[in-house]
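Okay, so here's the structure we're looking at.
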Amino acid sequence: MGYQKALVRLNRGGTEIGFILNTELFVKIGEWTSPFLFDWDAAIAEARKTSLVITEFNLIPRSLDSMKGVRRVIALNANATYQTESRSFSSGKNAGAAIDAPIELTSNGEVFNRFSAYSNDRRITLNNGILAGTFATTKEDAEANIRTGADAVSRYALENKTPASYKYTISPPGGTALQRGVAQPAYGELGGGVEVLFVNASPDNIVTGPIKIPDK
Amino acid sequence: MTTKLPEKWIAVLAKLPESGMGSHHVDIHMKSGQIIRDVPVFNSEDCQSDTEFDPQEIEEIRESHPKK
């Protein structure tokens with residue numbers, strides 16, 4: 001908390017990797033243990049003596065999986081557009097079903113998938129929207145875990161045992177209301193996948209597909 | 001056995017939230033007064049019930065597990 005790891009370019013050329021403290025002081029990795037850092041005012045005074053200036057920087061994101069004890073992490077780019085999220089969200093012991101979860105809003109750029117045994121899934125409207133009360137999963141959960149329609153039946157504890165081999169992609173606008181949880185064991189299936197429940201009907205033209213994945 | 005719902009009832013299920021991805025659970029009220037309870041319906045159209053019924057004789061369909 002309070003720092004960012006970054007690759008910076010200096011006004012004299014060359015690059016350095018280090019940490020930006022309090023968004024104002026850059027410390028090279030090799031100087032991380034400098035005694036100046038234990039006295040903030042002294043560190044700032046020391047930094048003012050240098051003629052080096054950072055002309056450009058790129059932040060180095062921390063591995064999402066390294067954030068222990070954090071239930072859910074969403075990475076956004078500079079435009080606050082959704083990049084990725086931690087997978088540990090789905091493995092929390094206290095993670096409950098989506099229907100019991102509080103309503104939250106999607107981030108810009110967040111993408112979801114829906115797996116169906118039907119190529120004419122009736123939760124998808126004629127104008128490629130979704131109906132209120134429609135289940136799906138996150139793109140991240142699907143990409144990491146679903147290769148076949150049978151995988152989807154197991155991970156999302158689907159009652160219909162016909163392989164859910166038709167994969168729809170849902171790209172709702174930011175601010176879409178949904179409930180987010182974990183598929184509970186049911187119907188002889190383990191569950192454990194991230195499930196989301198869209199609270200309201202969506203605008204048109206947010207659904208693409210389906211694409212057919214292997215049954216087994 | 002699987003019983004196909006007419007479009008009229010598919011439209012009704014479209015207004016109900018799903019019980020899980022791809023399925024509803026509903027109580028089917030027949031015109032005769034019979035109620036077939038907790039019937040899974042896949043894709044809003046395929047009723048999975050051991051009780052045989054004529055879909056043209058359905059009076060009403062209600063959600064079995066209302067949202068909490």
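Exposure proxy shown here: for B:Ser32, A:Ser171, A:Ser154, the number of other Cβ atoms within 10 Å sets the order, fewest to most, as B:Ser32, A:Ser171, A:Ser154. With a cut-off of 15 Å, note down the residues of region B:23-66 whose backbone N falls inside the zone around a label point 7 Å from the Cα of A:Leu126 toward its beta carbon. The answer is none. In terms of surrounding Cβ atoms within a 10 Å radius of their Cβ, A:Ile103, A:Ile146 rank from fewest to most as A:Ile103, A:Ile146.
Rounded to the nearest 20 debye, the dipole magnitude of chain B is 320 debye, with +1 charges on Lys and Arg beta carbons, -1 on Asp and Glu beta carbons, and the Cα centre as origin. In terms of other Cβ atoms within 10 Å, A:Tyr168, A:Tyr3 run from fewest to most in the order A:Tyr3, A:Tyr168. Across region A:94-212, Cα pairs under 8 Å and at least six residues apart give a relative contact order of 39 percent.
Every read-out reported here was derived from the displayed coordinates using simple, explicitly stated rules and does not represent laboratory data. Owing to the predicted nature of the structure, the values given are computational and were not obtained by experimental measurement. Don't worry about glycine lacking a Cβ; one is built from the backbone with ideal geometry, like all the others, and counts go over all protein chains shown.
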